[in-house]
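Data block below; observations after.
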Amino acid sequence: MINQQQLWDEKAAKQYDTPGEGMFSPEILGPTVEVLSRLAGNGPAVEFAIGTGRVAIPLWEAGVQVSGIELSHAMISRLREKVGEDHIPVVQGDMTEAAAGENFSLAYLVFNTIANLLTQDEQVRCFQNAALHLARGGRFVIELWVPQLRSLSPGHGGTVEVSEPGYLLVDTYDVLRQHVISHHVRFGPELSDGRDARIGRTPHRYIWPSELDLMARMAGFELESRWAGWDRSEFTAESRSHVSVYRLAER
């Protein structure tokens, strides 16, 4: 199995940021920051797996006090090139157990990152750790994709999720362990004579929404809202992802 520490190394950190494009485009970041800012209210927020600050920095610029937890030293170093520890403090460690403080009004975990935890036990501990960070009544927000098992053809263990010039995304499934490996295939004339390709692989453990809700209840949360995206559109059986807001019990 691919080691998460090795996966998010210096090379990955350097390639992660795409200012103004992809995950960093205003049409994605704008609604994300607006929702998180509203949910944080006047209180502080903590981001689990803060990465290079894609969400944390614009949220801090919007006036929210933000802290973070991040496993990868390389990702933190990239974040530090953009903003200092005095503005966005970060604890290096595993989001299932690292402590960044208490009495936050908001904890959040975006862009499918809870699926980077490859066992159900780790995912449950992530919820429990979020509860330890939050004040009573605080919220834990998770952005997560919906498993596309209906796309699997009989006898086949994979799906083509993206096919565009120079890039293919192929997901292969181990349905017994709920594991997916995403194979990122990049090709084109810039790679040798155009016949070669570069492949990167990322492992995940997929979680059904109902399973996620049960993990939340085990940690003292209840589901408050679920949308198909940051635009707060309706979540339906056809939705390919969701943003789920869990509220920690008042007592």
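The values are calculated or read from the model by the stated rules, or taken from the named source; none is laboratory data. Predicted, not measured: the structure shown is a model, and the values here were computed from it. Backbone-built Cβ (ideal geometry, glycine too); neighbour counts: all protein chains shown. SASA here: full protein model, heavy atoms, side chains in, ligands and nucleic acids out. Shrake-Rupley method; radii C 1.70, N 1.55, O 1.52, S 1.80 Å.
Find the relative contact order for the chain and round it to a whole percent, using C-alpha pairs within less than 8 Å whose residues are 6+ positions apart. Intermediate results must be reported in sequence, preceding the final value.
On the way: 474 pairs, mean separation 40.1, N = 251.
That works out to 16 percent.
Suppose every K and R has +1 on its Cβ and every D and E has -1 on its Cβ; what is the size of the dipole of the stretch 75-189 about the Cα centre, in Debye to the nearest 20?
Result for the stretch 75-189 is approximately 180 debye, rounded to the nearest 20.
I need the GluC sites (Glu not before Pro) found in the stretch 76-166, filtered to DSSP loop residues with at most 16 other beta carbons within 10 Å of theirs. Intermediate results must be reported in sequence, preceding the final value.
On the way: sites: E81, E85, E97, E102, E122, E143, E161; in loops: E81, E85, E97, E102.
Loop-located and lightly packed - E81, E85, E97, E102.
On C-alpha positions alone, give me the angle between the axis of helix 26-40 and the longest principal axis of the chain, in degrees, nearest 10.
Orientation of helix 26-40: about 30 degrees from the principal axis.
In the stretch 173-251, which chymotrypsin sites (Phe, Trp or Tyr not before Pro) are in a loop and have at most 10 other Cβ atoms within 10 Å, using DSSP for the loop call?
Sites meeting the loop and neighbour criteria: none at all.
Say the dipole of the stretch 104-251 comes from +1 at the beta carbon of Lys and Arg and -1 at that of Asp and Glu; which of G166, A216, L176 then lies farthest toward its positive end?
Of the options given, the answer is A216.
Measure off, as a whole percent, the carbon and sulfur share of the 1.4 Å-probe accessible area of the chain, all protein chains present.
Carbon and sulfur: 51 percent of the exposed surface of the chain.
Find which of T32, L248, W230 sits farthest along the positive direction of the dipole of the chain, computed with +1 on the beta-carbon of Lys and Arg, -1 on that of Asp and Glu, about the Cα centre.
The residue sitting farthest along the positive end of the dipole is L248.
Any idea of S77's accessible area? Nearest 10 Å², probe 1.4 Å.
Taking all protein chains as shown, S77 has close to 50 Å².
Return the inverse of the average 1/r over all pairs of distinct C-alpha atoms in the chain, which is the Kirkwood hydrodynamic radius, in Å to one decimal.
Radius from the Kirkwood sum: 19.0 Å.
In debye, nearest 20: dipole of the chain around its Cα centre with unit charges on the Cβ of K, R (+) and D, E (-)?
300 debye
Say the dipole of the chain comes from +1 at the beta carbon of Lys and Arg and -1 at that of Asp and Glu; which of T52, S153, A99 then lies farthest toward its positive end?
S153
Counting residues in the stretch 75-174 as N, plug N into 2.2 N^0.38 Å and put the Cα Rg over that result.
The value comes to 1.41.
Which loop-located GluC sites (Glu not before Pro) does the stretch 202-248 contain, where loop means any DSSP state but H, G, I, E or B and the Cβ has at most 15 other Cβ atoms within 10 Å?
Here the GluC sites (Glu not before Pro) that fit, given the DSSP loop and packing criteria, are E238.
Compute the accessible area per residue over the chain, keeping the other protein chains in place, probe 1.4 Å, unit Å².
51 Å²
Quick check: the angle from helix 209-218's long axis to the longest principal axis of the chain, C-alpha only, nearest 10 degrees?
30 degrees
In deg cm²/dmol and to the nearest 500, what is the mean residue ellipticity at 222 nm of the chain if only DSSP H runs of at least 4 residues count, each as -39500 (n - 2.57), divided by the residue total?
Working: 7 runs with 64 residues, N = 251.
The helix-only estimate for the chain comes to -7000 deg cm²/dmol at 222 nm.
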